[in-house]
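Asker: Let me begin by handing over the structure; questions about it come next.
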Amino acid sequence: MKLTELSKDINEWFNGSGPMSDVVISSRVRLARNLAGFKFLSKCSDEEKKTILETLKPIIMSLELGDGCFYCDVENASSLDRNFLIERHLISRNHAFAKGPRGVIIAEGEFFTAMINEEDHLRIQILKPGLQISECVEGVNQIDDSIEKKVEYAFNPRFGYLTACPTNLGTGIRVSVMLHLPALKITGQIQKFLNAARDMNLAVRGLFGEGSEASGDFYQLSNQVTLGVSEKQIVENFEKEILPEIIEYETAARNELLFNNIDTLDDKISRAIGLLKNAHLISSQEALLLLSHLRLGLNMHDHMGASTPAIDSLCSMREKGRDNESHPLSISTINRIFMLTLPAHLQLNYGKSLDANSRDALRARVIRSILTQ
């Protein structure tokens with residue numbers, strides 16, 4: 001499969017479905033593993049990295065993963081392709097721009113990826129829409145067990161699975177969710193979320209993981225402690241304590257906008273509609289923020305029954321768009337615009353590299369064509 005085939009639509013876990021999807025866009029569970037008998041990757045020669053790759057690749061490719069999977073050679077991929085894989089959440093930035101033999105195995109539908117020779121020898125992950133952490137854990141553990149039948153992992157009875165970074169030592173599990181928190185941002189309460197995350201020893205990152213800033217009111221939240229706690233404890237803590245509290249914060253902020261600050265809410269949504277339908281130049285950052293406000297409006301209508309002039313206008317656009325069977329205005333459509341107008345997606349679909357100004361013009365044209373159909 002070519003990456004250009006992926007670039008034309010959103011993946012399964014970003015389609016706007018799943019439990020609590022108005023706040024929790026997606027769930028991800030990742031496991032870090034290393035092979036016994038090999039050095040950690042930072043100490044490996046290219047020849048040793050090649051051996052690790054040649055050991056793991058056929059094993060993972062032979063797994064039964066729904067409709068199958070395909071391999072992408074990250075080492076020899078173009079910079080544009082690597083950035084596309086980052087935008088798609090299929091590899092990390094570290095994996096994209098590391099050195100030496102490395103690659104990624106991607107399942108059809110993109111619900112599973114396996115990064116070989118990232119920071120650790122192997123990092124496998126499962127992604128699902130909405131709040132489905134337990135389901136992700138079940139899926140990733142089945143795959144991990146299948147791999148471990150054919151290789152020996154580096155494991156210590158006292159410390160658990162051995163990893164290159166001490167923060168992953170033990171279970172090697174990293175549970176994360178992608179959150180949409182526009183109301184907390186608009187009402188100036190986002191620090192409340194950040195403080196709560198810090199108090200619960202959680203990591204908060206931007207849309208594209210470590211080293212990225214929050215864009216379009218999207219945040220990634222993940223556990224930082226893997227040693228001394230079981231997978232079950234980590235998952236239960238997320239599902240029963242952490243996420244209900246954060247969802248409550250965001251819901252309360254949305255209610256505050258609706259009942260105490262409706263002019264601010266309507267202004268954000270109306271400006272977003274006007275700019276997205278009429279702008280001729282729009283940056284990626286601006287597009288993400290404006291699309292975030294459209295997403296907020298539709299979710300407040302669908303999940304809270306909210307009705308304001310701007311939200312009603314947005315819903316009217318949705319009704320008019322129902323005749324367009326390809327892309328009627330919906331959360332899925334907004335997510336689709338959001339992903340397809342990211343820089344690497346734009347350029348892959350256009351067929352060549354573009355400078356920033358040309359990307360901004362193309363992005364605006366793509367958005368206008370979808371929202372004004």
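Please treat every number below as a calculation from the coordinates, not as lab data. This structure is a prediction, so every number in the text was calculated from the model and none was measured. Here the Cβ positions follow ideal geometry from the backbone for every residue, glycine too, while neighbour counts run over all protein chains shown.
Asker: Would you work out the charge dipole size for region 44-95 about its Cα centre, treating the Cβ of every Lys and Arg as +1 and the Cβ of every Asp and Glu as -1, and quote it to the nearest 20 debye?
Answerer: Result for region 44-95 is approximately 180 debye, rounded to the nearest 20.
Asker: Cut-off is 10 Å between beta-carbons; in what order do S146, S7 appear when sorted fewest neighbours first?
Answerer: Details: S146 14, S7 21.
Ranking S146, S7 by Cβ neighbours within 10 Å, fewest first, gives S146, S7.
Asker: Which residue, chosen from I262, P182, Y219, occupies the Cα position most advanced towards the positive end of the dipole of region 157-268, where the dipole is computed from +1 (Lys, Arg) and -1 (Asp, Glu) charges on Cβ about the Cα centre?
Answerer: Y219
Asker: Nearest 10 degrees, 0 to 90: what angle lies between the long axis of helix 284-304 and the longest principal axis of the chain (Cα atoms)?
Answerer: 70
Asker: Only helical DSSP H runs with n ≥ 4 go in: add -39500 (n - 2.57) per run for the chain, normalise by residue count and round the 222 nm mean residue ellipticity to 500 deg cm²/dmol.
Answerer: Helix contribution divided over all residues of the chain: -14000 deg cm²/dmol.
Asker: Turning to a different aspect of this structure: Region 92-108 to region 333-373: how many Å between their Cα centroids?
Answerer: Region 92-108 and region 333-373 have Cα centres spaced 25 Å from each other.
Asker: Follow-up question, since we're still on this one. If the viscosity is 0.890 mPa s and the temperature 25 °C, what Stokes-Einstein diffusion coefficient in µm²/s follows for region 1-114 when Rh is the Kirkwood radius over Cα pairs? All intermediate terms of the calculation are to be shown ahead of the outcome.
Answerer: Details: Rh = 15.6 Å.
Approximately 158 µm²/s, per Stokes-Einstein.
Asker: Extending each Cα 7 Å along its Cβ direction at M61 and K232, get the distance between those two points in nm, one decimal.
Answerer: Label at M61, label at K232, 3.8 nm between them.
Asker: Taking the dipole about the Cα centre of region 60-114, with the C-beta of Lys and Arg at +1 and of Asp and Glu at -1, give me whichever of S92, I105, L65 is farthest to the positive side.
Answerer: Sorting the options by dipole projection puts first S92.
Asker: Taking 0.36 nm per residue of separation and subtracting the Cα-Cα distance, what length does fully extending D73 through E152 add?
Answerer: 26.0 nm is the gain from fully extending D73 to E152.
Asker: Please arrange C315, C136 by how many other C-beta atoms lie within 10 Å of their C-beta, fewest to most.
Answerer: Going from sparsest to densest Cβ surroundings: C315, C136.
Asker: Could you give the angle, 0 to 90 degrees to the nearest 10, between helix 331-340's Cα long axis and the longest principal axis of the Cα atoms of the chain?
Answerer: Taking Cα atoms only, the helix is inclined about 60 degrees.
Asker: Further question: Treat every Asp and Glu Cβ in the chain as -1 and every Lys and Arg Cβ as +1, leave all other atoms uncharged, and give the resulting dipole magnitude about the Cα centre to the nearest 20 debye.
Answerer: So the magnitude is around 780 debye.
Asker: Pop a pseudo-label 7 angstrom from the Cα along the beta-carbon direction at both R198 and D145 and give the gap in nm to one decimal.
Answerer: Here the modelled spin labels are 4.1 nm apart.
Asker: Of the listed pairs K128/K268; K99/K149; K57/K99; K57/K149; K43/K99; K2/K352, which have alpha-carbon separations greater than 21 Å here?
Answerer: K128/K268; K99/K149
Asker: Run a plain Debye calculation on region 262-371 (Cα atoms as equal point scatterers, no solvent) and give log10 I(q)/I(0) at q = 0.15, 0.24 Å⁻¹, rounded to two decimals, same order as the q list.
Answerer: At q = 0.15, 0.24 Å⁻¹ the computed log10 ratios are -0.61, -1.34.
Asker: Which angle between 0 and 90 degrees, to the nearest 10, do you get for helix 133-148 versus the longest principal axis of the chain when only C-alpha atoms count?
Answerer: 30
Asker: Now for a different question. Using only alpha carbon pairs under 8 Å that are at least six residues apart, calculate the relative contact order of region 3-253 and give it in whole percent. Spell out each step's value before the answer.
Answerer: Values: 460 pairs, mean separation 61.4, N = 251.
Answer for region 3-253 is 24 percent.
Asker: If you rank M20, M178, M304 by fewest surrounding Cβ atoms within 10 Å, what's the result?
Answerer: Details: M20 17, M178 20, M304 14.
Ranked by crowding around the Cβ, least crowded first: M304, M20, M178.
Asker: Taking the Cα centre of region 69-138 as origin, work out the dipole magnitude from +1 charges on Lys and Arg Cβ and -1 charges on Asp and Glu Cβ, in debye rounded to 20.
Answerer: So the dipole magnitude of region 69-138 works out to roughly 200 debye.
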